[in-house]
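As structure tokens, the structure follows; a few thoughts come after it.
The values are calculated or read from the model by the stated rules, or taken from the named source; none is laboratory data. Note that the coordinates shown come from a computational prediction; the quantities given were computed from them, not determined experimentally. All Cβ positions, glycine included, derive from the backbone under ideal geometry; neighbour counts span all protein chains shown.
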Amino acid sequence: MAIAEQLPLAVVGCDFRLAPSRVRSALVLPEERVGELFCQLVAEQAADGFVVLNTCNRNEWLVSTPQPAWTAELLRSQMVELAGPGAAAWFRPYVFTGQEAARHVFRVAIGQESLVVGERQIAGQLYAALEKARQRRTSSRVLNGLGSIAGRLVRIALRRGCIRSAAVGVHSLALEYLRYHLDLDERPPVAVVGTGRIGRRVLGVMNGALGMDPLRVNRTLPADGQERWLSLSRLPEALRQVRAAVVCTGALEPVVRAEHFSAGRDRPLLVVDIGIPEQVERRGLPAEVQVVGLDDLVDFHRRQTGEQGPSPEARQLVDRAVEEFASYCQEQAYTGVLDTIQRHHRQLVGEEIPRLVNRRFGDLDERLRYRLQEEFRNIVLEYTGEVFRTVKETLLREPDAVNNGTACREDG
């Protein structure tokens, strides 16, 4: 079997193609559960690294594991269970192992698996997920290498034009929907609920390209310049003032609920929910309130633009990244062998040989015992050196290893 097919990597996940946002919301693990699941995988010797990627359009678990197929099946079962009662009858998370797992991650990194093909935001989200794993100590050498290669791939894809402007993403899709259903040239009153990363992007486009000054609703308020800001506790007041709202707080519980409309509603309100988990609880809302979620945006995007496939150049860049990752993993495998040999060498020379000589040849004088120890040590040293040379020569002879981490770099 080719080295690339044996890569110690698996990906289990669900995106906008497989399940509605309500189901995907249930797949977001609380932080303590991430740690528990990782400890379970380690205890079962199923994995040594675990990364959780949650975005508006996908939930994925990346694991470094010596048994990709078995570990992926364990995680697939966990994900189906999280999806809720009865999910086993219809929910089929996708599973990638080995080379195909690496290929999938690299395609995700440059937006080739995104709702808006080539969008840039996912690259930052993947980087943040990998960094979070390092901080919580659930990453691994393999996953760190995967992240480094993905980072280089993203930089090259940006230079080659395979990744779109930072203005393209789910935030711009939400604004396209508003533009289609409202006359934004008339500057209708609009609120942005949540001013995190996505919220700031929404505000940036509204302020810049559209010349709008939306009402900003957030849990925390800036120290100054609060004229167009309201606290989240005043959300009912904010919703009464506007004709549309983009909700993107990222809260784990819905922030827009029926109780916020207890005073009634005398005009239509369009609410675009681009959060994960879902930010709007639809049950009990007045008839005047129309809620549009991520799945509606997916349908809208398909109707407006049709399906878009990856560019040939993007495919080539991904292929090269997979080659580099295969080379990296091979180096790590050899490094592990060399580290083990070196550890045993130190133990043999520093502990086992002196113990053997003193036990078996204790009747010899100290000088002779020392010379005998040196003879044994030299034999072991010569043997270990030959093993090191053989392993390194084998590494250099392997075609994948000759790349030595250069496959995903620019030519020239």
Pairing a residue in the range 193-209 that is of a type outside the set (A, V, I, L, M, F, W, C) with any residue that is assigned to a helix (DSSP H, G or I), where Cβ atoms lie under 6 Å and the two sit 6 or more apart in sequence or on different chains, gives Arg201/His171
Look at Phe91 and say whether it is among the aromatic types (Phe, Trp, Tyr) and closer than 22 Å to Leu146 by Cβ.
no
Which members of the range 207-221 meet the condition of being within 20 Å of Arg240 (Cβ to Cβ) and either modelled with pLDDT under 90 or among the hydrophobic types (A, V, I, L, M, F, W, C) (or both)?
Met212, Asp213, Leu215, Val217, Arg219, Leu221
Select, from Gln125, Gln99, the only residue that is under 22 Å from Asn59 (Cβ atoms) and among the polar types (S, T, N, Q).
Gln125
So if I check each of Asp299, Asp363, which one is surrounded by fewer than 16 Cβ atoms within 10 Å (Cβ to Cβ), over 30 Å from Ser64 (Cα atoms), of a type outside the set (A, V, I, L, M, F, W, C) and under 27 Å from the mean Cα position of the chain (by Cα)?
Asp299
For the range 127-139: of the residues being crowded, with 22+ Cβ neighbours inside 10 Å and small (Gly, Ala, Ser), which is farthest from Ala102 (Cα to Cα)?
Ala133
Give me a count of the residues in the range 116-138 that are outside any helix (DSSP H, G or I) and closer than 19 Å to Ala321 by Cβ.
4
Is it fair to say Gly264 is out of contact with any helix residue (DSSP H, G or I) (no Cβ under 8 Å at 6 or more places or on another chain) and either in a helix (DSSP H, G or I) or at positive phi (or both)?
yes
Under the condition of being of a type in the set (A, V, I, L, M, F, W, C), assigned to a loop (DSSP other than H, G, I, E, B) and surrounded by 15 or more Cβ atoms within 10 Å (Cβ to Cβ), which residue from the range 201-242 is farthest from the chain's Cα centre (by Cα)?
Val242
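Okay, residues lined up against (1) outside any helix (DSSP H, G or I); (2) modelled with pLDDT of 85 or more:
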position	(1), (2)
Pro354	no, yes
Arg359	no, yes
Asp363	yes, yes
Arg367	no, yes
Glu374	no, yes
Gly385	no, no
Lys392	no, no
